[in-house]
Amino acid sequence: MIRPANLRLSHFFSSLPLLAGAIVAALLPVLSEFFISLFNVLPTLLLLLGGAFCLVYGRQREVFLLLVLYVGYFLLDIQVDHFRDNGQIRDDAALVFHLICLLLPLLYALYGCWEERSHLAQDMLARALVLLAVSAVAFGLARRYPQGIADWLAQIHWPSLHGTWMNLAQLVYLAFLLAFIALSVQYLRKPRPLHAAQWVGLCGLLWMLPQVFILANALQVMISMVMLMLVAAVAHEAYQMAFRDELTGLPGRRALNERLQRLGRDYVIAMVDVDHFKKFNDTHGHDVGDQVLRLVAGQLRKVGGGGKAYRYGGEEFTLLFPGKSVEQCMPHIEAVRMAIEQYRMQLRDPQSRPRDDRQGKQRRAGKAASEVSVTVSMGVAERQAEQRSPQEVIKEADKALYSAKAAGRNCIRSAGQRRGAVKLAAGRE
């Protein structure tokens, strides 16, 4: 199912600046010797080092994307160097250029949408065989019918669809259209930084190809930046795997531990626990339990007062407020607790759910749907003279959380309230 709500502009933040920088650099009439040398070696370095980095994380898809880009760059660079050195193009320049312009977006989209599903060695072999087969067929046809293939590629097949703005062969624009559709559907189904980088990279290739023989540095600069986009996206996703919880989308325990090491003198920590979660999970199933955790995470993410939510583990979450006191944070924490309490989640019986989507929409508010809600208990603690480390503050917040559960759940208790209650009980004794 396509969920537009999951689309995130942050997925494009690392790729769009690289694309813009590549266009600006390519448009410059002159580059310094340092940058010319850099962009001449950067594609090779990115293929070797970036490919090794991708293999470490089992990303065969990105390895072959880098390889396809490099092969296209290598073949075009031969033509551009000959044109630059001799002032005229090679005899096979038109054929090579049209073939690369046609095959590059198609292979780019193919490998971009080809997910890792089987054993690493088998997957690598299958991808390599596809690349070899396509290359062999293209090379064989080009050797056997060079002029016929070149004329067919350059021919205007649909005159009514041809525009004066088209600087590439008409078939090339069809190939790019198919590639954009495939990569767009992939991103809409699974919004990820890598899928966003592939889409932006395809835009860069479409801009670059008409400029290959016009702008001196367009080929080297754009290929380098597109390859860098893919490697950066793999690094971005590797970071997310390590520091972000996949189920809820919140920063995970490791991210919390990193943040705790960089806190100042004053801060507040709130521990949050979903009430009766095990019973709810056993009653409604793990799928509904996952929905509950995502619901709670979505509300915690909206906390104000400079707070940030983390998933601590299981059904437990953490709210961190740097530079704040308990009095400053309590209204924001209470607002989140009330938002979770007042949220109503619709549950539908899977056995009675109709197959037809229209009937399902009509019955969602009817008998097939039951309404449930969840609550959370919270324990809050701030750094005091007797709690010098964040771990000690977390322990105090945990004790306050147990106090909130003992008080009937769906409430907030602070470490100060808990200590006051303990002193009052001791005085009565």
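The values are calculated or read from the model by the stated rules, or taken from the named source; none is laboratory data. No experiment lies behind these values; they were computed from the predicted model shown. Because the Cβ atoms are built from the backbone with ideal geometry, glycine has one as well, and the counts that use them run over all protein chains shown. Heads up: the accessible areas ignore ligands, DNA and RNA and are worked out on the full protein's heavy atoms, side chains in. Shrake-Rupley method; radii C 1.70, N 1.55, O 1.52, S 1.80 Å.
Right, Gly51: open to solvent by less than 50 Å² (accessible area, probe 1.4 Å), without any contact (Cβ under 8 Å) to a residue 60 or more places away in the chain and assigned to a helix (DSSP H, G or I) or not? For Gly51, the condition - open to solvent by less than 50 Å² (accessible area, probe 1.4 Å), without any contact (Cβ under 8 Å) to a residue 60 or more places away in the chain and assigned to a helix (DSSP H, G or I) - is met. When Val172 is tested against (1) touching a residue at least 60 places away in the same chain (Cβ under 8 Å); (2) outside any loop (DSSP other than H, G, I, E, B); (3) open to solvent by 10 Å² or more (accessible area, probe 1.4 Å), only condition (3) is not met.
Please work out if Asp273 is closer than 21 Å to Leu194 by Cβ and either surrounded by 15 or more Cβ atoms within 10 Å (Cβ to Cβ) or in contact (Cβ under 8 Å) with a residue 60 or more places away in the chain (or both). Spelling it out, it is not the case that Asp273 is closer than 21 Å to Leu194 by Cβ and either surrounded by 15 or more Cβ atoms within 10 Å (Cβ to Cβ) or in contact (Cβ under 8 Å) with a residue 60 or more places away in the chain (or both). Considering the range 370-429, the residues that are within 15 Å of Ile333 (Cβ to Cβ) and surrounded by fewer than 20 Cβ atoms within 10 Å (Cβ to Cβ) include one that is modelled with the lowest pLDDT, namely Gln417. The set of residues in the range 211-251 being in a helix (DSSP H, G or I) and open to solvent by 30 Å² or more (accessible area, probe 1.4 Å) consists of Gln211, Leu228, Ala232, Ala235, His236, Tyr239, Gln240, Met241, Ala242, Phe243.
Search the range 105-156 for residues being under 24 Å from the mean Cα position of the chain (by Cα) and hydrophobic (A, V, I, L, M, F, W, C), and hand back the single one that is nearest to Tyr73 (Cα to Cα). The selected residue is Leu107.
Conditions (1) of a type in the set (A, V, I, L, M); (2) modelled with pLDDT of 90 or more, marked per residue:
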{"site": "His11", "(1), (2)": "no, no"}
{"site": "Leu28", "(1), (2)": "yes, yes"}
{"site": "Leu31", "(1), (2)": "yes, no"}
{"site": "Gly50", "(1), (2)": "no, yes"}
{"site": "Leu55", "(1), (2)": "yes, no"}
{"site": "Val68", "(1), (2)": "yes, yes"}
{"site": "Leu75", "(1), (2)": "yes, yes"}
{"site": "Asp81", "(1), (2)": "no, yes"}
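Output yes when any residue across the range 66-85 is of a type in the set (A, V, I, L, M), open to solvent by 50 Å² or more (accessible area, probe 1.4 Å), without any contact (Cβ under 8 Å) to a residue 60 or more places away in the chain and not in a helix (DSSP H, G or I), and no when none is. No, the range 66-85 has no match at all. Pairs meeting the criteria (first residue in the range 143-159 and farther than 12 Å from Leu102 by Cβ, second residue assigned to a helix (DSSP H, G or I), beta carbons under 6 Å, at least 6 apart or on different chains) are Pro146/Leu95; Ile156/Gln170; His157/Gln170. Before we move on, is Glu62 more than 24 Å from the chain's Cα centre (by Cα) and charged (D, E, K, R)? Answer is no for this residue. Selection within the range 279-291: residues that are in contact (Cβ under 8 Å) with a residue 12 or more places away in the chain and more than 28 Å from the chain's Cα centre (by Cα). The member of this set that is least open to solvent (accessible area, probe 1.4 Å) is Phe280.
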